[in-house]
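Below you'll find the structure, written out as structure tokens, and then a few comments.
The values are calculated or read from the model by the stated rules, or taken from the named source; none is laboratory data. Model, not experiment: these values are computed from the prediction. Neighbour counts run over all protein chains shown; Cβ positions are idealised from the backbone, glycine included. Surface areas here come from the heavy atoms of the whole protein model, side chains and all, with no ligands, DNA or RNA. Shrake-Rupley method; radii C 1.70, N 1.55, O 1.52, S 1.80 Å.
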Amino acid sequence: MTTKIVPVIMAGGKGTRLWPLSRSSAPKQFIQFVGEQTLFQATLSRVSDPALYEAPIVVTNEDFRFLVAEQARELGIKLSGILLEPVARNTAPAVAVSAALVAERFGEDTLLHVLASDHEIAADATYFDAIRVARETALAGKLVTFGITPTQPATGYGYIEIGDKLASGAHAVKRFVEKPALPEAEKMLAAGGFAWNSGIFMFRASQVLKELATHAPGVEKAARAALSKAANDLDFIRLDADAFGASPDISVDYAIMEKTKNAAVVPSSFLWSDLGSWDAVWKLGTPDEAGNVATGKATLINTKNSLVMSRHSHLAVHGLEGVAVIASEDAVYVGRLEDSQDVGKIVKHLASAKATAALTETHPTSYRPWGGYTSILNGDRFQVKRLFVTPGKKLSLQKHHHRSEHWICVKGTAEVTIGDETKIVRENESVYIPQGEVHRLANPGKIMLEMIEVQTGSYLGEDDIIRIVDEFGRG
């Protein structure tokens, strides 16, 4: 292969189908479910071959920008750019802006490989054979989508009816089918000639922009305007809010793939899942002799074909079959695996009540450009957190009007600034920051710094931060 491909990774979704581990503030693409990497990191790894790919472009939003940068840094993978969407506008506007950026930086005929950041894919020989066929088909002027050979009559995916074979080895698209009811899905599986719609694409930048101008001119116009008025901020490209917000909220499928005469599909049987339910996570895991997949602290007795995951408490499961038991730091989900597609209904119910709405939005662990923190205990006028600071990183120079803080070093070495004094705090040592005092925490070491922070005061909200100096450009 001589023509390189620019990967475009969609990483802005805030799905909650894998609640309680996945939340709006910490969605599934940035969580480690199987293997040693998060889904986003696994996606980066699949497009890291410099002989095949240019450095990727990531499309995300303000909330996740530092998560994206940090998880790429952990892998040592350089990015061509991080595009920040000011508002959510589905996949077509994101693809349009990415295509315009690729055309500007790499040339109009450069190939884009558009892929989600939260899919589980086995990048084996079958997968890369599909990439090769897609590349040749896209170079011939087609808009290529990847069709996955169905293994069951799934109702959670859209389908593609496969047409005549093309010279490149791909096929023409006969039609796209919306997510079907079970009887229709069973008929398509029995008839053959249908593939699951993976939502993965490949096409030339110039070709997709031309198709958008024809079939979705509002999307194409808004994307070009948003990019032309964009502002650079550190390693991020902030798209113009007014211009991008003027775009129709529409998917790539609806905008062009279902309308163009140039759609092509590459049918393939590589292992793929959008991990849209706990049942899907269970199927991808490595089961024990009883068919159970368990991670974290768990004891299973007389239990079969179940998924048990704990990020905090020890789970003891006895005498059950076909269930999902998922524990985060502050919530537990228990349900039948066969019903796990309906977790979204529980999330909506929780979100509708003031007492439980926060469980769907925020996660006890929050990530920051310097590391992050986990909320351990909250009480009247006090709060306890675990801070973790990445080697070489430092928090902003800041002060608080309404609280004092006590820091205890648990692991690593801390560099602490209080007022005009800077000192080293080692393991099992502590330091006190009075209310209103300017202070900063830094990790000068080579391992992750862990601190216990005890806050006391009349108001403990995260908005009680006055940043004086911040290397990440936060006010």
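For the reader, a short list of remarks on this structure follows.
- ASP129 meets all of the listed conditions (1) in contact (Cβ under 8 Å) with a residue 40 or more places away in the chain; (2) farther than 18 Å from VAL6 by Cα; (3) over 25 Å from the mean Cα position of the chain (by Cα); (4) surrounded by fewer than 20 Cβ atoms within 10 Å (Cβ to Cβ) but one, namely (2).
- Residues (assigned to a loop (DSSP other than H, G, I, E, B) and surrounded by 19 or more Cβ atoms within 10 Å (Cβ to Cβ)) located in the range 294-310: THR303, SER306
- Candidates are the residues of the range 46-105 that are free of Cβ contacts under 8 Å to residues at least 24 places away in the same chain and not basic (Lys, Arg); the one that is surrounded by the fewest Cβ atoms within 10 Å (Cβ to Cβ) is GLY76.
- Taken together, ALA172, ALA123 contain a single residue that is touching a Leu at 6+ places or on another chain (Cβ under 7 Å) and in contact (Cβ under 8 Å) with a residue 60 or more places away in the chain, which is ALA172.
- Some residue of the range 144-153 being without any contact (Cβ under 8 Å) to a residue 24 or more places away in the chain, open to solvent by 10 Å² or more (accessible area, probe 1.4 Å) and under 26 Å from the mean Cα position of the chain (by Cα): yes
- Count - residues of the range 428-448 that are under 30 Å from the mean Cα position of the chain (by Cα) and not in a strand (DSSP E or B): 6
- Any chance VAL343 is in a helix (DSSP H, G or I) and of a type outside the set (S, T, N, Q): yes
- Pairs linking a residue in the range 282-293 that is at negative phi and surrounded by fewer than 15 Cβ atoms within 10 Å (Cβ to Cβ) to a residue that is part of a loop (DSSP other than H, G, I, E, B) and modelled with pLDDT under 95, with Cβ atoms under 9 Å and 6 or more positions apart or on different chains, are THR286/VAL34.
- The range 407-423: number of residues that are part of a strand (DSSP E or B), in contact (Cβ under 8 Å) with a residue 12 or more places away in the chain and not polar (S, T, N, Q): 9
- Residue in the range 195-215 that is within 24 Å of ILE9 (Cβ to Cβ), basic (Lys, Arg) and open to solvent by 60 Å² or more (accessible area, probe 1.4 Å) present: yes
- Breaking point among (1) touching a His at 6+ places or on another chain (Cβ under 7 Å); (2) part of a strand (DSSP E or B); (3) of a type in the set (Ser, Thr, Tyr), for SER404: (1)
- Filter result (loosely packed, with under 14 Cβ neighbours inside 10 Å and either on the phi < 0 side of the Ramachandran plot or among the β-branched types (Val, Ile, Thr) (or both)) within the range 176-194: GLU178, LYS179, ALA181, LEU182, PRO183, LYS187, ALA190, ALA191
- Only a single criterion out of (1) farther than 26 Å from PRO364 by Cβ; (2) in contact with a Ser or Thr (Cβ under 9 Å, 6 or more places away or on another chain); (3) of a type in the set (Val, Ile, Thr) is not satisfied by VAL34, namely (1).
- For the range 413-433, filtering for residues that are open to solvent by 40 Å² or more (accessible area, probe 1.4 Å) and under 21 Å from ASP470 (Cβ atoms) leaves 4.
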